[in-house]
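First the structure, in the form of structure tokens, and then the observations on it.
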């Protein structure tokens, strides 16, 4: 089914000369590009399809939005196209986890088959700790969104998916902080079972990885069961956050809020555009003075302070809305 979809996407691109002639390549990344995408018991893809488009001819934004909509409906999953005007623009983010996973495993769906032959591949052990912090931020936000969906009586599969993503994000972030990240999920699981045997994190990670590879959607799971699972994953998240911050900062933390503040403070030791970061903080975080400092660190590293408060609380709608607005801005 996936093979037919990729051939269909390539044919759709080739049918529009202005697009076909104006791009260098369309590359499938993500889990499916690495050969790790999940399939349901009836053989359908389940996770997102992530494509990277190199080249921006006129009209390409609208074209790929329509292509995303069309194939998303056909496959029943999200189909995303990430544009890059050039290889230089793509390589500018070479130090990120997303780019290094792309370079480690991909498939050229359309265009130059050797387009990424000279990509700046880095050892996964050298990923910067900020990539782990980004994972914790995004997966923790997924936990928050899952709780909001539970409270509104919404899609239980959305909740399950985000609980499992949170478990994977916690484990992966910890491996990044310990310079032990691995290319594929099976190897990362082995590393977690080796370093965190018998822990709730190890059990949750193993369960989540099985769900990723062989997802079994279940819409009959009760809200009560999902609520218990959510509480468990929140505990795993908080413990993982403290371990992560401790690995980065070189000391232990007694509670998640202190760990989040310690992590933000640790950021001042790393290079970056401190003037720009200071201006961003003053512009967008002035309503949250407790996380303004250090001014020279990017706001993204400070947002976990607000996220931890939201997850720890019983549900403050205005605080959650304020946090989610900032997360959407800096994610």
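The values are calculated or read from the model by the stated rules, or taken from the named source; none is laboratory data. What you see is a predicted model, and the numbers here were worked out from it, not measured in a lab. FYI the Cβ positions are ideal-geometry reconstructions off the backbone, even for glycines, and counts take in every protein chain you see.
For residues that are surrounded by fewer than 20 Cβ atoms within 10 Å (Cβ to Cβ) and more than 26 Å from residue 244 (Cα to Cα), tally how many sit in region 116-137.
4
Being touching a residue at least 24 places away in the same chain (Cβ under 8 Å), under 22 Å from residue 99 (Cα atoms) and in contact with a strand residue (DSSP E or B) (Cβ under 7 Å, 6 or more places away or on another chain): is that true of residue 24 here? Break it down into steps so the answer makes sense when it comes.
Details: touching a residue at least 24 places away in the same chain (Cβ under 8 Å): yes; under 22 Å from residue 99 (Cα atoms): yes; in contact with a strand residue (DSSP E or B) (Cβ under 7 Å, 6 or more places away or on another chain): yes.
Against the criterion (touching a residue at least 24 places away in the same chain (Cβ under 8 Å), under 22 Å from residue 99 (Cα atoms) and in contact with a strand residue (DSSP E or B) (Cβ under 7 Å, 6 or more places away or on another chain)), residue 24 qualifies.
Hey, which of the helices (runs of 4 or more DSSP H) in region 15-105, taking only ones fully inside, have at least 2 residues that are surrounded by fewer than 19 Cβ atoms within 10 Å (Cβ to Cβ) and outside the structural domain of residue 187 (by TED's automatic domain parsing)? Don't jump to the end; show me each part of the working.
Details: elements: 17-20, 30-33, 60-75, 87-91, 97-104.
Hits in region 15-105: 17-20, 60-75, 87-91, 97-104.
So if I check each of 189, 226, 209, 233, which one is surrounded by 16 or more Cβ atoms within 10 Å (Cβ to Cβ), farther than 29 Å from residue 34 by Cβ and in the same structural domain as residue 143 (by TED's automatic domain parsing)?
On the way: 189 fails: farther than 29 Å from residue 34 by Cβ; 209 fails: farther than 29 Å from residue 34 by Cβ; 233 fails: farther than 29 Å from residue 34 by Cβ.
Selected residue: 226, the only one of 189, 226, 209, 233 that is surrounded by 16 or more Cβ atoms within 10 Å (Cβ to Cβ), farther than 29 Å from residue 34 by Cβ and in the same structural domain as residue 143 (by TED's automatic domain parsing).
Go through (1) touching a helix residue (DSSP H, G or I) at 6+ places or on another chain (Cβ under 8 Å); (2) modelled with pLDDT of 95 or more; (3) closer than 23 Å to residue 215 by Cα and name the single condition residue 72 misses.
(1)
How many of the residues making up region 216-266 are within 21 Å of residue 141 (Cβ to Cβ) and either outside any helix (DSSP H, G or I) or touching a strand residue (DSSP E or B) at 6+ places or on another chain (Cβ under 6 Å) (or both)?
Summing the residues that are within 21 Å of residue 141 (Cβ to Cβ) and either outside any helix (DSSP H, G or I) or touching a strand residue (DSSP E or B) at 6+ places or on another chain (Cβ under 6 Å) (or both) in region 216-266 gives 2.
Within region 246-254, does at least one residue satisfy the condition of being modelled with pLDDT of 90 or more, closer than 30 Å to residue 128 by Cβ and surrounded by fewer than 16 Cβ atoms within 10 Å (Cβ to Cβ)?
no
Only one of (1) surrounded by fewer than 18 Cβ atoms within 10 Å (Cβ to Cβ); (2) within 20 Å of residue 178 (Cα to Cα); (3) modelled with pLDDT under 90 fails for residue 313. Which number is that?
Unmet condition: (2).
Given (1) at negative phi; (2) part of a loop (DSSP other than H, G, I, E, B), where does residue 207 come up short, assuming only one miss?
(2)
Within region 277-292, identify whether any single residue is buried (at least 18 other Cβ atoms within 10 Å of the Cβ), assigned to a loop (DSSP other than H, G, I, E, B) and either touching a residue at least 12 places away in the same chain (Cβ under 8 Å) or within 23 Å of the chain's Cα centre (by Cα) (or both), and answer yes or no.
So far as region 277-292 goes, yes, one or more of its residues are buried (at least 18 other Cβ atoms within 10 Å of the Cβ), assigned to a loop (DSSP other than H, G, I, E, B) and either touching a residue at least 12 places away in the same chain (Cβ under 8 Å) or within 23 Å of the chain's Cα centre (by Cα) (or both).
Among the residues of region 142-151, are any farther than 21 Å from residue 49 by Cα, assigned by TED's automatic domain parsing to the domain that holds residue 235, loosely packed, with under 15 Cβ neighbours inside 10 Å and free of Cβ contacts under 8 Å to residues at least 24 places away in the same chain?
No, that holds for no residue.
Could you list, in sequence order, the residues of region 310-321 that are in contact (Cβ under 8 Å) with a residue 24 or more places away in the chain and more than 21 Å from the chain's Cα centre (by Cα)?
If the condition is that a residue be in contact (Cβ under 8 Å) with a residue 24 or more places away in the chain and more than 21 Å from the chain's Cα centre (by Cα), then 312, 315 are the ones that fit.
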